[in-house]
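In what follows, a single structure is set out as structure tokens and then discussed.
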Amino acid sequence: MRWFGPNDPVSFIAAATGTPAPTVKWQLNSGTGWSDISGATNNTYSFNAATAQNGNIYRAKYSNVCNDAFSNEASLTINAGPVITTHPSSNSATAGANVSFTAVATGTPTPSVQWEMSPNGSSAWNPIAGATNNTYSFLAPAGGSGDSYRAVFTNSCGNVVTNAGTLQVNNAPSITTQPTLSPVCPGGAVVLSAAATGTPTPAVQWQVSTNSGLSWTPVAGETNNTYSFNAASADNGKQYRALYSNAGGSTASSAVELQVNASPVITASPVNASDCEGELVSFSASAGGTPTPSVQWQVSTNNGTLWTSVSGATSTSYSLSAASGLSGNQYKAVFTNACGTSASAAASLTVQTPPVVTAMPSGTSATVGSVASFTAGASGLPVPTVQWQVNNGTGWSDINGATNTSYSVTTTSGDDGNTYQAVFTNTCGTVTAGPASLTLNTMPAIIADPVDQNVCVGTIAYFNAEASGSPVPSLQWQVSTNNGASWSIVPGATDATYSFTTANANNGNKYRAAFTNAAGSITSATATLTVNPLTMPTVSVAAIPAGSVCSGTPVNFTASPVNGGLLPSYQWVLNSNPVAGETNASYTLGAATDGDEVYVEMVSNASCVTPGIVTPAAPAVVTTTPTVSQPGAFTVSSSDVYMGQPSISYTVPSVSGVVYNWSYSGTGVTLIGSGNSITIDV
């Protein structure tokens, strides 16, 4: 057996003896039997070796006429340089774990193997001591990721180097970004993001848990760092996480729970309210929703056409004081959160008001046996009920069945003076309308007739009449100018006393009073008016002595009345001053003084005289005779004559209003002069 390399020259030599000399033919057995090699008829068979001839068996066949002889068989071995049949594959392992690289090469002779390592990032290769097997196993160093490994195969024909296999020292995934979630509304976009490092780069699989993390289910197709979807209400409360995996293991991110918010859903709407004015009214509403919705109360004053927010009303309960102007308003609560708005049903406010009397019952009168009716009215909300009551002097009591605004009663004699009232009641209070009195009517009855009147013309005549009756009867005076044959109304004469200033034409008229009430009419007896004409009283005064009197002489004055009546009264007046105590028909002036004026005031007590007080047409004036003195010595009155002087002049005081009459007796006397001076010649 010989070893050759491909294309090496190969020669096989054989020899044989025999007679005749044998011929030779080389034969080949390539595994399918022997066959002659064409042209190979020499003792030496030479050819260039080919790899495909490896293992062929060769022999020489010698033949002559006697027989065939075969040489020994010779095998041809074709040596070949190493040929890599298996390159090492890149491999991975966690640090400290066993890792292997394997390489296989053929070659003749069988090649030896030597593993080499090139550190990560280096171009140099270093033999690994003892690493001479097709498989190189070792514990993966923590820092060996990226190192390269190869095998060098060597035989007599040469050496060959495998491809390098890279060692990846696996690191389990480490989460660098945890997923987060914010609440979303149904239909809103949910975006989950996570990240992790690891060697090799970890794969990601999003998972979901519907039981608070007790178990996890992969989300089909969600193998990216970001997982997006639109939230549904059913997703609320689900938990999500990202599971990162590589050859080094698996690591899950923290779980996040998805809160799918819900639009507000009304769970309780306010209800209609009816409250009395001034009371506190409360409306309440509630709504579910995530997040918890805020609330704003709104009011409508036009039956829901327009709504206005109520300032500060942001609680689930809204309270206000009922006022009459708010009646009919509607209220609703509007709930709002991030997902929307929802309004409660509207509730109406009815502001109830206590009863207020709008119509008071009026007192009434009726005759016994007739029907008396009373009517009252009251407003209020709700409409008040009514109950009539009667007071017959012992207190108020309800009238059974009298529950309408009008009450009618058939009167009896015992009802006279009863009072009635209507009591109106609703939920907000009570008010009473009344009382109103019932008076039972009775016919007028005369209790005072007018009497005849005898008066002076121009004075006031008085007629008086009275009558009882219920109701109090009205009165109308009547007059007859034809002795009672016919009667006419005296306009405006409706009082119990009828008075007027008389005239002569009223003489002989008759008068009566007609009394009327609801029960009937009656007239009084008649009274006759006698009108007397007026007479004028006069008075004159006579003095005794009459005429002039000597100064200091008493003078008696006497009054003479005309139409003075039986007992006229007097008051004497001296010089315009009433004389105390002088009230008789005569008056004596004790010492007359010239020029005194005396008169009397008389009051006649006769009927129908005017004026009532009279005086004389002129006062009585006292005239006294002056005293004439002797010449140069005395003065005598104008009636005295001084005799015995042959010629003498006399002067007396000049008295206003005095007429001086000089006279003498005897003969032979001549009076010369006049007035208060005179010369006497004897």
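The values are calculated or read from the model by the stated rules, or taken from the named source; none is laboratory data. Bear in mind the structure is a predicted one, so any value in this text is a computation, not a measurement. Neighbour counts run over all protein chains shown; Cβ positions are idealised from the backbone, glycine included.
Pairs linking a residue in region 598-624 that is closer than 18 Å to S586 by Cα and at pLDDT below 85 to a residue that is among the small types (G, A, S) and part of a loop (DSSP other than H, G, I, E, B), with Cβ atoms under 6 Å and 6 or more positions apart or on different chains, are V622/A592.
The strands (runs of 3 or more DSSP E) located wholly in region 65-176 that include 3 or more residues which are of a type outside the set (G, A, S) occupy 74-78, 80-86, 98-102, 104-108, 112-118, 135-139, 148-155, 158-161.
Among the residues of region 217-275, which ones are within 17 Å of A194 (Cβ to Cβ), surrounded by fewer than 17 Cβ atoms within 10 Å (Cβ to Cβ) and small (G, A, S)? The answer is G221, S228, G249, S250, S254. Evaluated against (1) more than 48 Å from the chain's Cα centre (by Cα); (2) more than 28 Å from F500 (Cα to Cα); (3) of a type in the set (S, T, Y), S474 falls short on exactly one condition, (2).
Applying the criterion of being in a strand (DSSP E or B) and β-branched (V, I, T) to the residues of region 379-403, the residue that is surrounded by the fewest Cβ atoms within 10 Å (Cβ to Cβ) is T385. Filtering region 129-154 to residues that are buried (at least 19 other Cβ atoms within 10 Å of the Cβ) and within 12 Å of Q114 (Cα to Cα) leaves Y136, Y149, R150, A151, V152, F153.
For region 415-457, the set of residues classified as out of contact with any Pro (no Cβ under 7 Å at 6 or more places or on another chain), under 25 Å from G520 (Cβ atoms) and not hydrophobic (A, V, I, L, M, F, W, C) consists of D415, D416, G417, N418, S437, T442, D449, P450, listed by residue number.
For region 244-264, filtering for residues that are in contact with a Gly (Cβ under 8 Å, 6 or more places away or on another chain) and farther than 12 Å from V184 by Cα leaves 6. Taking the criterion of being within 30 Å of V423 (Cβ to Cβ), in contact with a strand residue (DSSP E or B) (Cβ under 6 Å, 6 or more places away or on another chain), buried (at least 18 other Cβ atoms within 10 Å of the Cβ) and touching a residue at least 60 places away in the same chain (Cβ under 8 Å), would at least one residue in region 340-351 satisfy it? There is at least one residue in region 340-351 that is within 30 Å of V423 (Cβ to Cβ), in contact with a strand residue (DSSP E or B) (Cβ under 6 Å, 6 or more places away or on another chain), buried (at least 18 other Cβ atoms within 10 Å of the Cβ) and touching a residue at least 60 places away in the same chain (Cβ under 8 Å). Residue check: G289 meets all listed conditions (1) surrounded by 13 or more Cβ atoms within 10 Å (Cβ to Cβ); (2) on the phi > 0 side of the Ramachandran plot; (3) without any contact (Cβ under 8 Å) to a residue 40 or more places away in the chain; (4) not assigned by TED's automatic domain parsing to the domain that holds W206 but one, namely (3).
Of the set (1) outside any loop (DSSP other than H, G, I, E, B); (2) crowded, with 17+ Cβ neighbours inside 10 Å, all apply to A40 but (1). If you check T425, T442, T419 for being β-branched (V, I, T), touching a Gly at 6+ places or on another chain (Cβ under 6 Å) and surrounded by 16 or more Cβ atoms within 10 Å (Cβ to Cβ), only one passes: T442.
Which residue, of S100, S90, S63, is on the phi < 0 side of the Ramachandran plot and in contact (Cβ under 8 Å) with a residue 60 or more places away in the chain? Every option except S90 fails the conditions. Within region 408-415, is even one residue charged (D, E, K, R), farther than 30 Å from L280 by Cβ and in the same structural domain as A376 (by TED's automatic domain parsing)? The answer is yes, given that some residue of region 408-415 is charged (D, E, K, R), farther than 30 Å from L280 by Cβ and in the same structural domain as A376 (by TED's automatic domain parsing).
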